[in-house]
Each structure stands twice: as structure tokens, then as C-alpha cells.
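Shown next, in C-alpha cells, is the structure this report addresses.
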Amino acid sequence: MEFDRPLYCFTLPGFILVAGGLYINLNSVQAFYPDGSLSLESTVVILLLPFIGIFMAFIGILMHSITGLIRYKMNNQNK
């Protein structure tokens with residue numbers, strides 16, 4: 001699955017994680033201003049979701065390029 005569709009397996013969920021992390025980040029910032037305090041759990045989620053999502057998207061794009069190169073080399077090996 002990683003070799004057949006890396007853009008769907010890694011990049012798409014990565015972008016979803018980044019978008020979800022940014023959404024949670026904006027909601028937490030809005031809640032932070034009236035209270036002045038931010039819980040540890042939401043801080044960890046704010047930091048981890050976009051970070052993991054960016055790495056997943058990068059890995060998906062990189063794996064897509066590598067599988068394309070491998071397929072190109074295998075198809076042109078006998079020529």
C-alpha cells in the first residue's frame with residue numbers, strides 16, 4: 001500500500017492532521033485569552049498534530065518520488 005499509493009496513505013492524512021491541529025490551535029488561542037491559562041493536554045495536541053502531519057505529508061511526497069524512480073529504473077533496465 002505504501003508503494004502503490006503513498007500520496008493517499010501518507011500525504012492526505014498528513015494534511016488532515018495539519019488542518020485539524022491548526023483548527024484546535026485557533027480554538028485554544030480563543031479560549032486562552034479570557035482565562036489566561038492553557039492546559040497541558042491541549043498544548044501537547046497543539047504541538048504534535050501539525051508536527052506529525054507535516055512529517056507525514058513530507059514522507060508521502062518523498063515516497064511517491066522514490067517509487068516513481070524505482071518503477072522507471074525497473075522498466076528501463078532491460079533496454
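The values are calculated or read from the model by the stated rules, or taken from the named source; none is laboratory data. What you see is a predicted model; the values in this text were computed from it and never measured. Note that we place each Cβ from the backbone using ideal geometry, even for glycine, and neighbour counts take in every protein chain shown.
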Quick one: which of Leu22, Leu26, Leu48 is free of Cβ contacts under 8 Å to residues at least 40 places away in the same chain and touching a Gly at 6+ places or on another chain (Cβ under 8 Å)? Leu48
Filter pass, Thr67 being among the polar types (S, T, N, Q) and in contact with a His (Cβ under 8 Å, 6 or more places away or on another chain): no
Can you tell me which of (1) touching a Ser or Thr at 6+ places or on another chain (Cβ under 6 Å); (2) at pLDDT below 80 is the one Asn78 doesn't meet? (1)
Among the residues of the range 14-31 satisfying the criterion of being among the small types (Gly, Ala, Ser) and over 20 Å from Phe58 (Cα atoms), which is surrounded by the most Cβ atoms within 10 Å (Cβ to Cβ)? Ser28
Name the residues in the range 1-54 that are polar (S, T, N, Q) and under 23 Å from Ile66 (Cβ atoms), would you? Thr11
Looking at the range 32-56, which of the residues that are among the polar types (S, T, N, Q) and in a helix (DSSP H, G or I) is surrounded by the most Cβ atoms within 10 Å (Cβ to Cβ)? Ser42
What pairs can you find where one residue is in the range 57-72 and surrounded by 11 or more Cβ atoms within 10 Å (Cβ to Cβ), the other is acidic (Asp, Glu) and modelled with pLDDT under 90, and their Cβ atoms are less than 7 Å apart, with a gap of 6+ or different chains? Met63/Glu2
